[in-house]
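To start, the structure under review is shown below, and the notes come after it.
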Amino acid sequence: MAETITTFTLLKPCSIKYNSPRATKAEFGSFSRSLRQNSCSRFNNGRHQIEDRKNRRASGVRVEALPDLQLMAVMIEHLDGQRDIITHKSIWHLSDQAMKNVYTFYVMFTCWGCCFFGSTKDPFYDSETYRKDGGDGTGHWIYEKQEDIEESARAELWREELIEEIEQKVGSLRELEEAAGKKEDQFVS
Amino acid sequence: MAAATPLHPKTIPQFLTTPTTSSIPLTHFTNLSFFNNQSSLSSRKPGSSSLTRPAAKKNNRWLDPFEQGDDPEMEYGQLFSDGKQDEDPRPPDNPGNPYGFLKFPMGYTVEVASLGLKIRGDVRRCCCVVSGGVYENILFFPAIQLIKDRYPGVQIDVITSARGKQAYEINKNVRWATEYDVDDDYPDPAEYTDMLGLIKGRYYDMILSTKLAGIGHAAFLFMSSARDRVSYVYPNANGAGAGLFLSETFTPDTANLSEGGYNMYGEMVDWLARPFRSVPRQVVPPLKVSISRKVKEVVEAKYKNAGVSKGKYIVIHGIKSDSKALMQSRGDTDSLLPIEIWDDIACVIRGLTPVFVIPHERERENVEDFVGEDASIVFITTPGQLAALINDSAGVIATNTIAIQLAHARGKPSVALFSSDDKAKVFVPNPEEKKCAVITSKTGKLEDIDVEAVKNAVQIFSMPLAIF
């Protein structure tokens, strides 16, 4: 009976499971359990560690440098009556969540990099053009100032003309009065 | 059609049975007794035949299919129905007012403003979309003054091209002048929508356009949601459908409005000046420009720098160049003379200094080559500065550029050189009144102009020499 059972175990880099005899006797159950362990969140891992510490007080504190990252896979081909064939695969295996995290980080880093390094190419970077109080020095970022200036200039023009007209009218009135005054003087004299 | 008896009770179920036209006529019916009277107010009054407005005869059936004309039994009172509108009675805004947030818009007693707007056809805010450059815009000034006279207190805004906008430096009647290239047939979508939002947000009562409108431009004006949308339309097939979106249309004889010369906006001005109820026909004011003190100072420094003093020089304008600031009309493209001919003309001027106005700095060398190193040259590109220069001069010699019109507006004597008699008649209608000597080329080309005749005409500037 040449039944081959191939199992596939994901190992954490710092894990000691690989050395333990339980892991070498690979079973589907242990595989699925380890998968379950791998897919659980960081808090759960931490809790396991705490439990481990409670169980074996003699051992030191284990720290996982890369908690969710599986850097190595071990394939075990099990044949009856023969020694197990153990194949090591040094492939990164990431869970879906981890992949999402990686890509999210990649995208965010790219965006940040574009902004940051792009802004260092900006000739006005951190210059007075950007850092001063506002588009026009008033503290308001309103760019319709030009039209306002023109409008007020025209209003000023209108007032000037009005004053001129009034002055002309007043002048002619004064002339009339003076003429009338002279006539009166003539009549008086 | 059932519209003839709209208030008959049985008509409404009839309409309900026809699914295609059921909803639309119903909405009109609800409005009919109310709106029809008001819209007809502005069109015709049967009792007084002398007051018919020219638009009444070519009533556009598409605009309101239920337009029945005037209600003969309608009686108008005095208030808000007759005469001109009033100016805003409010005092000017106090910037130190602690209740600044209570500033109402220039609404002219907002509670009852709609009465005047509906019944009398008031115009509180008016927008003029002016096509063309400096020349076309300055010739529009009389129309702006006319609107100001006809609707006291109106706020007039202008939308025009970048070059044309500069002309409003010398117009006191305009509030905002906004730059938008009206003549661009394919505007940038962002600019288009931006401008649309701008004019819509300003809530105009009347929008006038001197661009020949096709259906596209008419839709642009329509989307401003102004009450009166008045525009020229193309005289050819391009104008098809434009009338749908406009409340008043004018069809010029040619596709180039500028060929109309000084009275290029004649039809529109005629419509603006129309009599209404007891308001008589408005008099069309002459072209006037006003120059601010600031511009005068700037220009004074410029011509003093060129070595001339006030009132002792003659402005020469119309030197051939490839500059954008030539300020010539679109209706007369042959209106520039090369510097050789100008040199011939200028050398007969005695007692006064000819000042050559160059539209671009690169023309300076050219002028110096022909006239000499000591020639008085002033670099001017804006109509405002040109007007100020002319205002301080003794007279103007120019081809058909805006300098001629500015000289007339400021009452200065001028010599105008034209390529043909027709152009001269159109652009300077009555030269004697305007102290203008018109000289035309016999061949129809401006370069063949009779320099001797020009030299004789230039002598009119030498007349006042005896005074100096």
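Numbers below:
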| quantity | calculated |
| --- | --- |
| Qualifying residue in the stretch B:431-452 (condition: modelled with pLDDT of 90 or more, open to solvent by less than 40 Å² (accessible area, probe 1.4 Å), part of a loop (DSSP other than H, G, I, E, B) and within 25 Å of B:Ile170 (Cβ to Cβ)) | no |
| Candidate set from the stretch B:412-424 (those that are open to solvent by 40 Å² or more (accessible area, probe 1.4 Å) and in contact (Cβ under 8 Å) with a residue 12 or more places away in the chain); member that is farthest from B:Ala388 (Cα to Cα) | B:Asp421 |
| Residue match in the stretch B:127-142 (condition: polar (S, T, N, Q), more than 14 Å from chain A (Cβ to nearest Cβ), under 11 Å from the mean Cα position of the chain (by Cα) and not in a helix (DSSP H, G or I)) | yes |
| Filtered residues of the stretch B:167-205 (kept if open to solvent by 20 Å² or more (accessible area, probe 1.4 Å) and at the interface with another protein chain (Cβ under 10 Å from one of its Cβ atoms)) | B:Glu169, B:Lys172, B:Arg175, B:Trp176, B:Glu179 |
| Residue tally, condition without any contact (Cβ under 8 Å) to a residue 40 or more places away in the chain and not in a helix (DSSP H, G or I), over the stretch A:87-131 | 14 |
| Selection status of A:Trp92, under 26 Å from A:Met75 (Cα atoms) and either open to solvent by 100 Å² or more (accessible area, probe 1.4 Å) or of a type in the set (Asp, Glu) (or both) | yes |
| Unique residue being open to solvent by less than 20 Å² (accessible area, probe 1.4 Å), assigned to a strand (DSSP E or B) and within 25 Å of B:Pro285 (Cα to Cα) when the list is B:Val355, B:Val396 | B:Val396 |
| Test for B:Lys304: is it touching a residue at least 12 places away in the same chain (Cβ under 8 Å) and open to solvent by 10 Å² or more (accessible area, probe 1.4 Å) | no |
| Top-ranked residue of the stretch B:212-251 - restricted to ones that are in contact with a Phe, Trp or Tyr (Cβ under 7 Å, 6 or more places away or on another chain) and of a type in the set (D, E, K, R), ranked as modelled with the highest pLDDT | B:Arg229 |
| Answer residue from the stretch B:287-340, given it is in a strand (DSSP E or B) and over 24 Å from the mean Cα position of the chain (by Cα) and is farthest from the other protein chains (Cβ to nearest Cβ) among those | B:Leu337 |
| Residue among B:Gly261, B:Gly241 that alone is open to solvent by less than 70 Å² (accessible area, probe 1.4 Å) and without any contact (Cβ under 8 Å) to a residue 40 or more places away in the chain | B:Gly241 |
| Top-ranked residue in the stretch B:358-391 [being small (Gly, Ala, Ser) and under 17 Å from B:Trp342 (Cβ atoms); ranked as surrounded by the fewest Cβ atoms within 10 Å (Cβ to Cβ)] | B:Gly372 |
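The values are calculated or read from the model by the stated rules, or taken from the named source; none is laboratory data. Please read all numbers here as calculations on a predicted model, not as lab measurements. Positions of Cβ are backbone-derived with ideal geometry, glycine not excepted, and every protein chain shown enters the neighbour counts. All accessible areas refer to the heavy atoms of the entire protein, side chains included, with ligands and DNA or RNA removed. Shrake-Rupley method; radii C 1.70, N 1.55, O 1.52, S 1.80 Å.
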